[in-house]
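What follows is a set of notes on a single structure, which appears directly below.
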Amino acid sequence: SVITAVRTFCRWCVRNGHLAADPTATVDKPSTRTDRRIERRMLLPGEWTWLKVALVDGEVKNGQTSAERLLMYRLAIETGLRSSELRSLTRGALHLSGKEPHVVVRANVTKNGQTAKQYISDPLAAGLAAV
């Protein structure tokens, strides 16, 4: 950043006798978390209820119906998968039958570089199978 560059330059000036003291010595580095829109937090139960109500039946956004978007939100909440991980899922990654329904995210998509197997509830598996 610019501030880091200026601080480095001022320290160089002090070391080489061009400045008597570093004028940036008391300047703090700026926080990298200034944009609250990207602050991660859990979805509160009341917000989940609000979200379900807010999804207008039949409305299509980004090629998904409101029912399909609701399933994706449920999948995100139950599994904790990131947006990019959810977008990477294909039908082959959904294992919806059997006694332990789950989704599998490929290693090249996950943050830690390891294949992720996330179990889901039977009602969610049935909803996904119906789509």
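Across the stretch 103-131, what is the number of residues that are assigned to a loop (DSSP other than H, G, I, E, B), open to solvent by 80 Å² or more (accessible area, probe 1.4 Å) and closer than 18 Å to Gly80 by Cβ?
5
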*If we scan the stretch 77-88, do we find a residue that is crowded, with 16+ Cβ neighbours inside 10 Å, among the hydroxyl-bearing types (Ser, Thr, Tyr) and not in a loop (DSSP other than H, G, I, E, B)?*
yes
Residues in the stretch 34-84 that are over 21 Å from Val104 (Cβ atoms) and not charged (D, E, K, R) total 24
ask   = If you go through the stretch 9-22 one residue at a time, do you hit one that is in contact with an Asp or Glu (Cβ under 9 Å, 6 or more places away or on another chain), among the β-branched types (Val, Ile, Thr) and either open to solvent by 80 Å² or more (accessible area, probe 1.4 Å) or in a helix (DSSP H, G or I) (or both)?
value = yes
Does the stretch 46-60 contain any residue that is assigned to a helix (DSSP H, G or I), exposed (fewer than 11 other Cβ atoms within 10 Å of the Cβ), at pLDDT 90 or above and over 21 Å from the mean Cα position of the chain (by Cα)?
no
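The values are calculated or read from the model by the stated rules, or taken from the named source; none is laboratory data. From a predicted model like this one, the values you see are computed outputs, not experimental measurements. All Cβ positions, glycine included, derive from the backbone under ideal geometry; neighbour counts span all protein chains shown. With ligands, DNA and RNA removed, areas are computed over all heavy atoms of the protein, side chains included. Shrake-Rupley method; radii C 1.70, N 1.55, O 1.52, S 1.80 Å.
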